[in-house]
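Report on the structure given below.
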2 protein chains.
Amino acid sequence: MTKIRRIILTEQEMPRQWYNLAADVKCPPFMSPNGPVPPEAWAPVFPMNLVEQEYSTQRWIDIPEEVLSLLTRWRPAPMHRAYDLERALGTPARIYYKNESLSPCGSHKPNTAVVQAWYNKQAGTKRLTTETGAGQWGSALAFACSLIGLDCKVFMVRVSYGQKPLPKLMMQTWGAQCVPSPSMETQAGRAVLEQDPDTPGSLGIAISEAIEAAVTDPKGQTKYALGSVLNHVMLHQTIIGLEAKKQLEKAGEKLPDIVIGCAGGGSNFAGLSFPFVYDKIHGSKIEIIPVEPASCPSLTRGHYVYDHGDNAKMTPLVAMHSLGHNFIPAPIHAGGLRYHGMSPLVSRAVEDGLMSPRAINQLECYEAGMLFARTEGIIPAPESCHAIAATIQEAKKAKEEGKEKVILFNLSGHGLFDLLGYEKFMNGQLTDYELPQEIIDKNHEVLAGYPLP
Amino acid sequence: MTKIRRIILTEQEMPRQWYNLAADVKCPPFMSPNGPVPPEAWAPVFPMNLVEQEYSTQRWIDIPEEVLSLLTRWRPAPMHRAYDLERALGTPARIYYKNESLSPCGSHKPNTAVVQAWYNKQAGTKRLTTETGAGQWGSALAFACSLIGLDCKVFMVRVSYGQKPLPKLMMQTWGAQCVPSPSMETQAGRAVLEQDPDTPGSLGIAISEAIEAAVTDPKGQTKYALGSVLNHVMLHQTIIGLEAKKQLEKAGEKLPDIVIGCAGGGSNFAGLSFPFVYDKIHGSKIEIIPVEPASCPSLTRGHYVYDHGDNAKMTPLVAMHSLGHNFIPAPIHAGGLRYHGMSPLVSRAVEDGLMSPRAINQLECYEAGMLFARTEGIIPAPESCHAIAATIQEAKKAKEEGKEKVILFNLSGHGLFDLLGYEKFMNGQLTDYELPQEIIDKNHEVLAGYPLP
């Protein structure tokens, strides 16, 4: 066959271990007023088997057999060669993408949701709570809990809850309960609603509510699950990049020149890129680009500080790039990228010069998504459009330079729940949001109270 | 690994030929007032390379290399072992399903859309018209035209156009034009609207409009594409069953005992089942079950007659099971199964005793779909829920009989665009529709004017 458009792995070729970047990149510890936070302090929030992963600096961590079997519901995920996008751009670059849109939830999120649900089940948890922005994480956890036999409650950022009714229905079909956040069900939610009854909500607020709902369970059988940011979440997602490595080899390529993923909390980006960061640390020349929305630019305009992961300061302090835990981003359609902070591992890797973050505006991203849909045939999630936009920038640069670069990006999810956003884009109703420097400066003043050690 | 939940084929293992059931099952010819319709008569409607396939009785037809390459965008499709559904049912049956929900449109429809667009492009066509019910076929043709470089116009049954805004947006994202049918753009549409301005529309009406829009192109560069019913459409879909055969073998199974698919016009059912009909003709004992909605029961309560494929009688007479070309089915959510007729090959195979059709009511289908979502993790299209409901019936029967049967069904598409239907089901707002015998009898009187030779 002249052009095989997908490179497939069999189940037998699936990675058997996750790669833990914490073995190679050293993050400052979680901090509290009493000093570094010991693992035991997390016990009310997470089961100890996951806390252990969170603190682990072991480079390779075995994937349990049963977890592997669960992952075969939708993995290994194919890697595509973007022949038609290349042709449309007239680029000498060879573009590959990992297709994480084929999971039953349509995104990469189940890669960790199913794992977290499984470890919780092992530890005796009966019920999980979480937050969700665009709905991808919430539906992934609902899916995972349904399969593994746990109750599930999801606090969904209100602006997305209104914009996107379908993810909520997915969660309900899988048996989960989904409420808009801020809600009246938690102290954290009520406090925000008192101050601003019309707030669009934020991931930071929803996280506060979900943690509160977990730790206040009098029976102690409810735990909280986070869909991004933390080390154990990044760990589970590395299966993406580990598969991609094998697939690039099957496609006859060596290492890629450029690796790209969109970054909100960092999980799909980390999943694809961390196994290549390992190669970069060991001397390979790879450009690794996390792409964020210009309206929520934690990596490119935020500061590397100690900050809370949530609005109500229920989490310990985390060393990360942040726009401030009170930051409420503009209501762009890429709901999954509207988070004030960033994965500590991604943040640290950026500080260490291992990654080159980039911010792109909404309109350029939708334009990239439209071109992708009409060449590669898959309608991408607005989040993934950020990765596509950066890929197109790099492919054009390769054309200018006349270089045959290999570009690999992560198609983190499909855009079937975001078609109303595409409609607005096609009708010229979307705009870019500029984030005024004053807001960033003002938040930074506040954050100056949380200095890094 | 203890339980591998999916059986994967590589591109190298893809079938290289389609199976043509017309070599083994003999259908009466298309008929007009002047006698049998010769191939040339189709020239204004279809390109001659597809007409040739429509009339072919050659058993195996080569898949062109370039078409194979296009199909690798989403094929081969995985086959899943439904371990968790089996466990929930406590059945000794081993249940497998082909997962056709993973195409960029979320259904099996691109299997023929891309092929038809490719043959049209070869023949010099510039623009395709078609109809769509639930939107799956329309979006598949929009997808195909976008990739292959043809203009595309879709007439969408009005009741679905209103119920389901997202497929329309998919078509637009892929650059196609989508209008509700009946429309004021065609004679056929205007005639219906004059009689009943509030008509919900039907596939029969939309077909009339799409054919009219094609054949009235003064430049003759517009052709029509049909997403089901005709022999060449069934032919292209047989890649499903041909892949499934290889996958069953990989799973260590011989032939299945039971093969199940939902049937509206017949294409996904034919795609999975025809390669097994071949085995049945050659002596294997296989039960083959097309499943239709009780409210649109062409195979189980319609008559095997000569009837038109469309409302305005623009098509020749087709020997098939029909409820009458004026039949307007109840607005059930399985829009893809609301067609008055049936594939002539499926109809003839039923008459020949090769298949055992079954009708199932809406509520039982949704209940089956919910169980499937919560065990297998995939939210199925309401159409596919019909196949799941019959599978559950057969799995329970196997339990009663204590028999280890192998059941294979087709998951023709996902239900992400049908979540509002699921919401209604969960809220107890859906009902079953009974089709009164008088309506069938009355239509049959009319059809008596079209006797079979």
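Yes/no per residue for (1) of a type outside the set (Asp, Glu); (2) part of a strand (DSSP E or B); (3) modelled with pLDDT under 95:
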{"residue": "A:Lys313", "(1), (2), (3)": "yes, no, yes"}
{"residue": "A:Val318", "(1), (2), (3)": "yes, yes, no"}
{"residue": "A:His321", "(1), (2), (3)": "yes, yes, no"}
{"residue": "A:Phe327", "(1), (2), (3)": "yes, no, yes"}
{"residue": "A:Ala330", "(1), (2), (3)": "yes, no, yes"}
{"residue": "A:His333", "(1), (2), (3)": "yes, no, yes"}
{"residue": "A:Tyr339", "(1), (2), (3)": "yes, no, yes"}
{"residue": "A:Met342", "(1), (2), (3)": "yes, no, no"}
{"residue": "A:Leu345", "(1), (2), (3)": "yes, no, no"}
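Would you be able to tell me the number of residues in the stretch A:230-266 that are open to solvent by less than 10 Å² (accessible area, probe 1.4 Å) and outside any loop (DSSP other than H, G, I, E, B)?
Qualifying residue count, the stretch A:230-266: 18.
Quick check on the stretch A:40-57. Is at least one of its residues in a helix (DSSP H, G or I), within 14 Å of another protein chain (Cβ to nearest Cβ) and open to solvent by less than 20 Å² (accessible area, probe 1.4 Å)?
Quick first cut of the stretch A:40-57, residues in a helix (DSSP H, G or I) only: A:40-42, A:48-55.
Filter again for within 14 Å of another protein chain (Cβ to nearest Cβ), leaving none.
Checking the stretch A:40-57: not a single residue is in a helix (DSSP H, G or I), within 14 Å of another protein chain (Cβ to nearest Cβ) and open to solvent by less than 20 Å² (accessible area, probe 1.4 Å).
Being part of a helix (DSSP H, G or I) and within 12 Å of another protein chain (Cβ to nearest Cβ) is the filter here, so list the residues in the stretch B:76-113 that pass it. Walk me through it before giving the result.
Step one: of the stretch B:76-113, the residues part of a helix (DSSP H, G or I) are B:83-89, B:100-102, B:110-113.
Hits for the stretch B:76-113 are B:Tyr83, B:Asp84, B:Leu85, B:Arg87, B:Ala88, B:Ser101, B:Leu102, B:Pro110, B:Ala113.
Would you be able to tell me the number of residues in the stretch B:134-151 that are open to solvent by 10 Å² or more (accessible area, probe 1.4 Å) and either within 12 Å of chain A (Cβ to nearest Cβ) or farther than 22 Å from A:Phe425 by Cα (or both)?
Restricting attention to the stretch B:134-151, the residues satisfying the condition of being open to solvent by 10 Å² or more (accessible area, probe 1.4 Å) are B:136-137, B:146-151.
Add one more test, that the residue is either within 12 Å of chain A (Cβ to nearest Cβ) or farther than 22 Å from A:Phe425 by Cα (or both), and what stays is B:136-137, B:146-150.
Looking only at that region, the number is 7.
Confirm whether B:Val37 is more than 14 Å from every other protein chain (Cβ to nearest Cβ), aliphatic (A, V, I, L, M) and under 30 Å from B:Leu102 (Cα atoms). Reasoning before the result, please.
Details: more than 14 Å from every other protein chain (Cβ to nearest Cβ): yes; aliphatic (A, V, I, L, M): yes; under 30 Å from B:Leu102 (Cα atoms): no.
For B:Val37, the condition - more than 14 Å from every other protein chain (Cβ to nearest Cβ), aliphatic (A, V, I, L, M) and under 30 Å from B:Leu102 (Cα atoms) - is not met.
In this structure, does B:Glu376 turn out to be within 14 Å of another protein chain (Cβ to nearest Cβ), closer than 27 Å to B:Glu243 by Cα, among the acidic types (Asp, Glu) and buried (at least 16 other Cβ atoms within 10 Å of the Cβ)? Steps first, answer last, please.
Numbers: within 14 Å of another protein chain (Cβ to nearest Cβ): yes; closer than 27 Å to B:Glu243 by Cα: yes; among the acidic types (Asp, Glu): yes; buried (at least 16 other Cβ atoms within 10 Å of the Cβ): yes.
So B:Glu376 passes the test.
Only one residue in A:Tyr422, A:Tyr339 is of a type in the set (Ser, Thr, Tyr) and closer than 22 Å to A:Asn99 by Cβ, so which one is that? Full working, then the answer.
Values: A:Tyr339 fails: closer than 22 Å to A:Asn99 by Cβ.
A:Tyr422 is the lone residue from the list that is of a type in the set (Ser, Thr, Tyr) and closer than 22 Å to A:Asn99 by Cβ.
Mind listing just one residue for me: the one in the stretch B:169-182 that is open to solvent by less than 50 Å² (accessible area, probe 1.4 Å) and assigned to a strand (DSSP E or B) and, of those, nearest to A:Leu416 (Cα to Cα)?
B:Cys178
Considering the stretch B:361-372 alone, what residues qualify as being of a type in the set (A, V, I, L, M, F, W, C) and surrounded by 24 or more Cβ atoms within 10 Å (Cβ to Cβ)? Give the steps one after another, and end with the answer.
First, pick out the residues of the stretch B:361-372 that are of a type in the set (A, V, I, L, M, F, W, C): B:363, B:365, B:368, B:370-372.
Residues satisfying the conditions are B:Cys365, B:Phe372.
Could we say that A:Thr173 is of a type in the set (S, T, N, Q) and within 26 Å of A:Val318 (Cα to Cα) here? Explain how you work it out, then say what you get.
Working: of a type in the set (S, T, N, Q): yes; within 26 Å of A:Val318 (Cα to Cα): no.
It is false that A:Thr173 is of a type in the set (S, T, N, Q) and within 26 Å of A:Val318 (Cα to Cα).
Would you check which residues across the stretch A:319-346 are over 15 Å from A:Gly264 (Cβ atoms) and of a type in the set (A, V, I, L, M, F, W, C) and list them?
Matches in the stretch A:319-346: A:Ala319 only.
State the number of residues belonging to the stretch A:1-39 that are in contact with a strand residue (DSSP E or B) (Cβ under 8 Å, 6 or more places away or on another chain), part of a loop (DSSP other than H, G, I, E, B), at pLDDT below 95 and open to solvent by 30 Å² or more (accessible area, probe 1.4 Å).
Here the count works out to 2.
Looking at the stretch A:183-196, can you tell me whether even one residue there is at pLDDT 95 or above, crowded, with 24+ Cβ neighbours inside 10 Å, out of contact with any Gly (no Cβ under 8 Å at 6 or more places or on another chain) and under 27 Å from B:Gly415 (Cβ atoms)?
For the stretch A:183-196, residues at pLDDT 95 or above, crowded, with 24+ Cβ neighbours inside 10 Å, out of contact with any Gly (no Cβ under 8 Å at 6 or more places or on another chain) and under 27 Å from B:Gly415 (Cβ atoms): absent.
Right, A:Pro451: away from chain B (no Cβ under 14 Å), surrounded by fewer than 11 Cβ atoms within 10 Å (Cβ to Cβ) and either modelled with pLDDT under 90 or in contact with a Phe, Trp or Tyr (Cβ under 8 Å, 6 or more places away or on another chain) (or both) or not?
Details: away from chain B (no Cβ under 14 Å): yes; surrounded by fewer than 11 Cβ atoms within 10 Å (Cβ to Cβ): yes; either modelled with pLDDT under 90 or in contact with a Phe, Trp or Tyr (Cβ under 8 Å, 6 or more places away or on another chain) (or both): yes.
For A:Pro451, the condition - away from chain B (no Cβ under 14 Å), surrounded by fewer than 11 Cβ atoms within 10 Å (Cβ to Cβ) and either modelled with pLDDT under 90 or in contact with a Phe, Trp or Tyr (Cβ under 8 Å, 6 or more places away or on another chain) (or both) - is met.
Assess whether B:Leu141 counts as being within 22 Å of B:Ala330 (Cα to Cα) and assigned to a helix (DSSP H, G or I).
Details: within 22 Å of B:Ala330 (Cα to Cα): no; assigned to a helix (DSSP H, G or I): yes.
Answer is no for this residue.
So the check is Cβ under 8 Å with 6+ separation or different chains; which pairs have a first residue in the stretch A:271-287 that's under 16 Å from A:Met234 (Cβ atoms) and a second one that's part of a helix (DSSP H, G or I) and open to solvent by 10 Å² or more (accessible area, probe 1.4 Å)?
A:Pro275/A:Leu242; A:Pro275/A:Lys245; A:Phe276/A:Lys245
Mind listing whichever residues of the stretch A:379-424 are more than 14 Å from chain B (Cβ to nearest Cβ), of a type in the set (D, E, K, R) and either closer than 26 Å to B:Met170 by Cα or open to solvent by less than 10 Å² (accessible area, probe 1.4 Å) (or both)?
Selection gives A:Glu383, A:Glu394.
The values are calculated or read from the model by the stated rules, or taken from the named source; none is laboratory data. All values reported here derive from a predicted model rather than from experimental measurement. Backbone-built Cβ (ideal geometry, glycine too); neighbour counts: all protein chains shown. Protein only, heavy atoms only, side chains kept; ligands, DNA and RNA dropped before computing areas. Shrake-Rupley method; radii C 1.70, N 1.55, O 1.52, S 1.80 Å.
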